[in-house]
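The values are calculated or read from the model by the stated rules, or taken from the named source; none is laboratory data. Not measured: the values here are computed from a predicted model. When we count neighbours, we look across all protein chains shown, and the Cβ atoms used for this are built from the backbone with ideal geometry, even at glycine.
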């Protein structure tokens, strides 16, 4: 009996792994501030949310690939151009997440709600500018010289997407109330709702099911546009719910706050510009690759669709990193902010490492998913051959992309957004885009050469943001002092 009681003691239970307390857990999984379990709690739903978006975009590309080779070739340039032009407004509104996180860490609940309202006001002001960007996209497709048929499909899809893009900044602002406080399951359900609506509508409208006409790529655009309304209604309803009104005064804080709005412009606008410059550089890269021919463009578009399986889930990890850093900076716990970044980085590298190995060892498995009757056997075999090489290049740069994703999230959470913007200007628009243009336009470079230069760009991006974070200059920023 004594032996049994001894084994039941806390120390013996910990040794046998029988305890239910944190002391009985492996150190890797302990529930501690800034630890990996805390990162998983916050990032997990965000990763699932962006993962569901990845799946939706992936399925959309599959539907379009099954519909026609021209449709899938037009989808990525149109989709990237749409996201690029909207990213400035969405990225600025998304910065409400970091502001809410810092106020939440400081214990100022009404200010959290008031910051969200300033983001909503900014989103409303963005609408006419987003509409004004529609002709800009048309001009970009004409300039890209992808061919008359392809340009027509790109413009058609893009126009529908931009109408849905009116709701992106509003979604970013409203979702920040939940993500900034670490309530990320709400983000998952809102995104899952939108993505479910999009997938069903895309299938029905692309192929003309349930009595609807067959709209092809236009149907995919309409489905995406309609689905963007769903999270606005869902998150808006929850934001104004009685429990949040009682705790955060979400209705009473509906007013213009000049100081908080200026905070969004001062710190959020550089964050939005950084996102815009990053996405714009890659969008221009895809458009330039399109000059090599429709098949090379289709290869790049398929690779980009596959790459989303690794990249977009890490976007959720970046938001989680910004949230945790913001909360700990707001609470003046800088050591825990650093710890949370280390925890996020190890988890992100583990995930991205697995994906990189899959891309290196089994590229054809991913590429074969895009086979359809719209491709000839010879034509699709060329896509698989070229795509396997490009996907292996993606595997090489994906680990450095992880450094960029995590450290840029950390810098945003602390308010170090101006550096991020200027670093993006230098690297994207001096190191990346001009050389790619020269290689394709003047030296008739191959698809592999163009993508190889993108590897150089991403490696530099990851190293520069890592270096900036390690200087510790972000610790000296006190964003809320300017509110």
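Rundown of residues vs (1) outside any helix (DSSP H, G or I); (2) surrounded by fewer than 22 Cβ atoms within 10 Å (Cβ to Cβ); (3) at pLDDT 80 or above; (4) more than 17 Å from the chain's Cα centre (by Cα), yes/no style:
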{"position": "14", "(1), (2), (3), (4)": "no, yes, no, yes"}
{"position": "31", "(1), (2), (3), (4)": "yes, yes, no, yes"}
{"position": "56", "(1), (2), (3), (4)": "no, no, no, no"}
{"position": "88", "(1), (2), (3), (4)": "no, no, yes, no"}
Looking only at segment 453-465, count every residue that is surrounded by fewer than 16 Cβ atoms within 10 Å (Cβ to Cβ) and either over 20 Å from residue 296 (Cβ atoms) or touching a strand residue (DSSP E or B) at 6+ places or on another chain (Cβ under 7 Å) (or both) and tell me the total. 1
Just checking, does segment 349-364 include any residue being outside any helix (DSSP H, G or I), surrounded by fewer than 22 Cβ atoms within 10 Å (Cβ to Cβ) and touching a residue at least 24 places away in the same chain (Cβ under 8 Å)? no
Among the residues listed as 447, 427, the single one being surrounded by 16 or more Cβ atoms within 10 Å (Cβ to Cβ), over 23 Å from the mean Cα position of the chain (by Cα) and more than 30 Å from residue 181 (Cβ to Cβ): 447
Would segment 296-319 turn up any residue that is crowded, with 20+ Cβ neighbours inside 10 Å and free of Cβ contacts under 8 Å to residues at least 60 places away in the same chain? no
Provide a single number: the residues in segment 142-161 that are farther than 16 Å from residue 283 by Cα and either outside any helix (DSSP H, G or I) or within 26 Å of the chain's Cα centre (by Cα) (or both). 5
Of the numbered conditions (1) out of contact with any helix residue (DSSP H, G or I) (no Cβ under 9 Å at 6 or more places or on another chain); (2) outside any helix (DSSP H, G or I), residue 135 satisfies every one except a single condition; which is it? (2)
Mind listing just one residue for me: the one in segment 204-234 that is farther than 20 Å from residue 83 by Cβ and under 24 Å from the mean Cα position of the chain (by Cα) and, of those, surrounded by the most Cβ atoms within 10 Å (Cβ to Cβ)? 234
Single match in 172, 123 (criterion: touching a helix residue (DSSP H, G or I) at 6+ places or on another chain (Cβ under 7 Å), within 17 Å of residue 267 (Cβ to Cβ), at pLDDT 95 or above and part of a helix (DSSP H, G or I)): 123
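This table checks each residue for (1) assigned to a helix (DSSP H, G or I); (2) closer than 26 Å to residue 364 by Cβ; (3) out of contact with any strand residue (DSSP E or B) (no Cβ under 7 Å at 6 or more places or on another chain).
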| residue | (1), (2), (3) |
| --- | --- |
| 382 | yes, yes, yes |
| 389 | yes, yes, yes |
| 403 | yes, no, yes |
| 421 | yes, no, yes |
| 427 | yes, no, yes |
| 431 | yes, no, yes |
| 439 | yes, no, yes |
| 445 | no, yes, yes |
| 451 | yes, yes, yes |
Here is a check on your reading of the model: is residue 93 touching a residue at least 60 places away in the same chain (Cβ under 8 Å) and either within 30 Å of residue 157 (Cβ to Cβ) or surrounded by fewer than 24 Cβ atoms within 10 Å (Cβ to Cβ) (or both)? yes
With criteria (1) assigned to a helix (DSSP H, G or I); (2) out of contact with any helix residue (DSSP H, G or I) (no Cβ under 7 Å at 6 or more places or on another chain); (3) farther than 19 Å from residue 475 by Cα, residue 342 comes up short on (3)
Please identify the pairs in which a residue from segment 126-138 that is within 23 Å of residue 152 (Cα to Cα) has its Cβ atom under 7 Å from the Cβ atom of a residue that is outside any helix (DSSP H, G or I), counting only partners at least 6 apart or on another chain. 130/166
